[in-house]
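Computed from the coordinates by the stated procedures, all read-outs in this text should not be read as laboratory data. As the structure is a computational prediction, the values presented were derived from the model and not from experiment. Here the Cβ positions follow ideal geometry from the backbone for every residue, glycine too, while neighbour counts run over all protein chains shown.
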Amino acid sequence: MLKTILTPGFKMITTAIIPVEKGTMTACAVEDGICLLEFSTRKALASELDYLQKYFKTTIEEGENKHIEVLKVQLREYFEGTRKEFSVPLITPGTAFQQAVWLELLKIPYGTTISYLELASMLGKPGSVRAVATANGKNRIAVIIPCHRVIGSDGSLTGYSGGLERKRWLLELERKYSGLATDLQLF
């Protein structure tokens, strides 16, 4: 599901703004898939866009492509509660460790949460909680790679680049449509 290799000869990164209930999201895509999906108010958004331009050695231009069109439909379905997994292709440049963390994030079931310690243990590295949290924070594909499903060991909401209010909102949305118990009093 995660790729870092691109089709030779792609021309640019396409970007679009997608309205959602709690603001807007910025999406970027290349010929092979989505390479960024973030809430537009993320403080690090400008540096992420700069990184992608340097990584792909190209420019970012407003527009549409087939992956952004699919993403818009799948995000609408997610926020309506009818989509629990995404199928849009993802392009996720990062280190091998970041890739491993992001792959584990994709295994967290819709409507559930795990702690950073549990995530580190899933990777076989229970002593690397801080490194796992850092890699989690470097995820450039919000919602789809569900970094919002990772919480503190004590059940507290911690560290979400889209803001803790949005993290709570995403978790409540997923609990509502998951059929699981909706007790979020820990948060």
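Going by C-beta contacts inside 10 Å, put S40, S153 in order with the fewest on the left. Working shown, then result.
Numbers: S40 15, S153 12.
So the residues, fewest neighbours to most, are S153, S40.
Note on the chain: dipole from Cβ charges, positive end direction compared against S47, S87, V73; the farthest Cα belongs to S47. Volume of the convex hull of the stretch 68-112 (Cα atoms only), normalised per residue: 77 Å³. The order of V30, V101, V73, V20, going from fewest to most other C-beta atoms within 10 Å of their C-beta, is V73, V20, V30, V101. Sort out the exposed loop trypsin sites (Lys or Arg not before Pro) in the chain (DSSP loop, at most 12 other Cβ within 10 Å) and tell me the longest stretch that has none. Here the longest run is 108-187. So what's the angle, to the nearest 10 degrees on a 0 to 90 scale, between helix 164-178 and the longest Cα principal axis of the chain? For 164-178 against the chain, the angle is about 80 degrees. Beyond 19 Å, the tail of the calculated P(r) for the chain holds 57 percent of the Cα pairs.
Note that the stretch 95-178 carries a Kirkwood radius of 12.6 Å, evaluated over its alpha carbons pair by pair. Taken about its Cα centre, the chain carries a charge dipole of roughly 300 debye when the Cβ of each Lys and Arg holds +1 and the Cβ of each Asp and Glu holds -1.
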